[in-house]
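The values are calculated or read from the model by the stated rules, or taken from the named source; none is laboratory data. Here the structure is a predicted model, which means the values were calculated and not measured. Note: ideal-geometry Cβ built from the backbone for every residue, glycine included; neighbour counts use all protein chains shown. Protein only, heavy atoms only, side chains kept; ligands, DNA and RNA dropped before computing areas. Shrake-Rupley method; radii C 1.70, N 1.55, O 1.52, S 1.80 Å.
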Amino acid sequence: MKIKDNFIAPRKVRLCYSITGISSLAGIEDYTEGIYNGNPDEDYCIAQKRQHEYLLDELGAGPGFKLLEVGCGLGTLLKVARGRGVNATGITISEDQWIRCRAQGLEVLLVNYKNLPSDWKGRFDGIIANGALEHFCQPEDAAAGLQDSIYQSMFRIFFSLLNPASACRKLVTTAIHFRGIPVPPEKFLNNPLLQIFDKTGLNFSILHRGYGGYYPKEGQLKHCASGVFDMLHEADGTLDYRFTTEEWYRKFSRVYLHNLRFNKALFRHFMLNPIHTLWFMASFIGPASQLWQFRGDPPPVLHLRHTWQAV
């Protein structure tokens, strides 16, 4: 099902999740970190499955549990949930993802989280937003001082979706955060070519052009959740995300050379959206901004998993 949506996601975000659809040809169907338990040689698929199980375990999701996944991607978590007997529903802003999820028999709605059906209020036992909220605030929003209000509204919406009679009423989020002082939004918005000698500005501007979004700072989500959710648990998945992006790079490197279907699909994106495709590719080739943000000691960003309890 898709519904008229008055809150269409920014074009960069929609294009991002259109082009990432070809990643399945490289053996990549998840767009966030696996859990490697400190072992960079762990099998990629096992690490991803471990993350799915972690997210569902944090909610205690089992038979009959009513789950909403915000930003469900290609439906990999929904399928694991369904295997547990969970009544799982997903939402996505990507029509490509919606079509592929529906083809697998998954219950997925094509809609922004801000515009959900009114009869969904109080419907769910738990919610997972696995990597989605990194797109909810844009650099323009941050520059206008709107970041806190966006996250506060997000938490209120999620709170309204939880069944007040449920024994769970939990939310699990995973998100990239700025480490320390946030990078000024102007660095995201400025042309990458004008920031060649500013590594931070160059890479974050490439990431914004390829993915669209702006990160919260440490502690910001807890502050914005106050009054509706208490934080139960925080886990640092930064190293896991580094291992994951390095594996993505290896997988993409192999298909560039050997997979004709992948290259045809990539060429089609170049023809349709050449500028966006160029910047998206720059996140893995050349500047390799996606990898850069998780490299270094310490790296420029943190990736945090949070479990929240509705108050």
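Highest mobility in the GNM of the chain, judged by mean-square fluctuation with C-alpha springs under 10 Å and restricted to Ala103, Ala88, Ala265, is found for Ala103.
The residue list Thr277, His208, Tyr256 was ranked by how far each Cα lies along the charge dipole of the stretch 183-311 toward its positive end, using unit charges on Cβ atoms, and Tyr256 comes out on top.
Once all protein chains are placed together, Arg268 keeps about 130 Å² accessible to a 1.4 angstrom probe. Would you mind telling me which residue in Ala225, Ala144, Ala132 has the biggest mean-square fluctuation in a Gaussian network model of the chain, where springs connect alpha carbons within a distance under 10 angstrom? Taking springs between Cα atoms under 10 Å, the residue moving most is Ala144.
Short-range pairs are left out: with C-alpha atoms under 8 Å and at least six residues apart, the relative contact order of the stretch 167-211 is 30 percent.
Per residue, the solvent-accessible area of the chain (1.4 Å probe, heavy atoms of protein chains only, all protein chains present) comes to 43 Å². Rounded to the nearest 20 debye, the dipole magnitude of the stretch 4-58 is 580 debye, with +1 charges on Lys and Arg beta carbons, -1 on Asp and Glu beta carbons, and the Cα centre as origin. Normalising the average separation of contacting C-alpha pairs (under 8 angstrom, six or more residues apart) by the number of residues puts the relative contact order of the stretch 56-206 at 21 percent.
Helix 44-59 sits at what angle to the longest principal axis of the chain, using alpha carbons and giving 0 to 90 degrees rounded to 10? It is inclined by approximately 30 degrees. Think of each Lys and Arg Cβ as +1 and each Asp and Glu Cβ as -1; about the Cα centre, that makes the dipole of the chain roughly 880 debye. Take the Cβ atoms of Asp119 and Glu53, set R0 to 22 Å, and the FRET efficiency comes out at 0.10. Among the protein heavy atoms, those of Lys222 account for about 120 Å² of accessible surface (1.4 Å probe, every chain in place). Counted over the chain, the DSSP beta bridges are approximately 45% antiparallel.
Taking each residue as 0.36 nm, the span from Leu193 to Ile46 lengthens on full extension beyond its C-alpha to C-alpha distance by 49.0 nm.
Would you give the gap between the C-alpha center of the stretch 279-306 and the C-alpha center of the stretch 128-181, rounded to a whole Å? Taking the Cα centre of the stretch 128-181 as reference, the centre of the stretch 279-306 is 21 Å away. Relative contact order for the chain: 22 percent, from Cα pairs under 8 Å spaced at least 6 residues apart, divided by residue count. Excluding residues on the same chain fewer than 8 positions from Lys217, give the lysines whose Cα lies under 27 Å from its Cα. Partners found: Lys12, Lys114, Lys170, Lys187, Lys199. Per-atom-type breakdown for the chain gives carbon and sulfur 55% of the accessible area (1.4 Å probe, protein chains only). Hey, what angle do you get for helix 260-272 against the long axis of the chain, alpha-carbon based, 0 to 90 degrees rounded to 10? Between helix and principal axis, roughly 90 degrees. Around the Cα centre of the stretch 3-111, unit charges on the Cβ atoms of Lys, Arg, Asp and Glu (plus for the first two, minus for the last two) sum to a dipole of about 500 debye. Among Lys79, Lys264, Lys217, which one shows the biggest mean-square fluctuation in a GNM of the chain, springs joining Cα atoms closer than 10 Å? Judging by the Gaussian network model, the answer is Lys264.
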